[in-house]
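Let me give you the structure first, and then I'll get to my questions.
The values are calculated or read from the model by the stated rules, or taken from the named source; none is laboratory data. The shown structure was predicted, so the numbers you read here are calculated from the model rather than taken from an experiment. Here the Cβ is made from the backbone with ideal geometry for all residues, glycine too, and neighbour counts use every protein chain on show.
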Amino acid sequence: MDVKETLQAIGERLQTGSTVKAVYGDPITAGDRTVIPIARVRFGFGAGGRKLEGGGGGGGVRADPAGVIEISPAGTTFIAIAFPDYRRLAVAFALGIVIGKLFRKSTR
């Protein structure tokens, strides 16, 4: 199997397992409302080898929730899922430690 065939086979395997339905399930209907989960799906892969010596490859899939689409008699709405910005939280935490140490030194 050459590199092109290997990459194609890996891509096909990743594609079949990286659907929103495979990650989050079917849409949910309750009364006159339907909620459809939306995911941000990313995948990457690579392969390599040498002539006459075989080769190999691999890949991965990452799916993150992005929100839901709500369908009701009032209309269709996309509701985004908001996650905290962990970088800002880490900076605030680090600043808190630094300020606490400075305050502690100044009170000694």
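From the set of residues in the stretch 40-66 that are charged (D, E, K, R) and not in a strand (DSSP E or B), which is surrounded by the most Cβ atoms within 10 Å (Cβ to Cβ)?
Checked the stretch 40-66; the qualifying residue surrounded by the most Cβ atoms within 10 Å (Cβ to Cβ) is Lys51.
Okay, moving on. Quick check on the stretch 60-78: of everything there that is touching a Gly at 6+ places or on another chain (Cβ under 8 Å) and not aromatic (Phe, Trp, Tyr), which residue is nearest to Thr34 (Cα to Cα)?
Filtering first and then ranking leaves Val61.
Shifting gears a bit: Keeping to the stretch 1-36, report how many residues are assigned to a loop (DSSP other than H, G, I, E, B) and at pLDDT 70 or above.
Number of matching residues: 5.
Continuing with the same structure: Scan the stretch 67-89 for residues that are in contact with a strand residue (DSSP E or B) (Cβ under 6 Å, 6 or more places away or on another chain), loosely packed, with under 14 Cβ neighbours inside 10 Å and in contact (Cβ under 8 Å) with a residue 12 or more places away in the chain and jot them down. Give the derivation first.
First, pick out the residues of the stretch 67-89 that are in contact with a strand residue (DSSP E or B) (Cβ under 6 Å, 6 or more places away or on another chain): 67-72, 77-81.
Within this subset, residues satisfying the condition of being loosely packed, with under 14 Cβ neighbours inside 10 Å are 72, 77-81.
If the condition is that a residue be in contact with a strand residue (DSSP E or B) (Cβ under 6 Å, 6 or more places away or on another chain), loosely packed, with under 14 Cβ neighbours inside 10 Å and in contact (Cβ under 8 Å) with a residue 12 or more places away in the chain, then Ser72, Phe78, Ile79, Ala80, Ile81 are the ones that fit.
Shifting gears a bit: Could you identify the single residue in Ile81, Ile99 that is touching a Gly at 6+ places or on another chain (Cβ under 8 Å) and more than 30 Å from Lys4 (Cα to Cα)? Please lay out each step first, then the result.
On the way: Ile99 fails: touching a Gly at 6+ places or on another chain (Cβ under 8 Å).
Answer to the check: Ile81.
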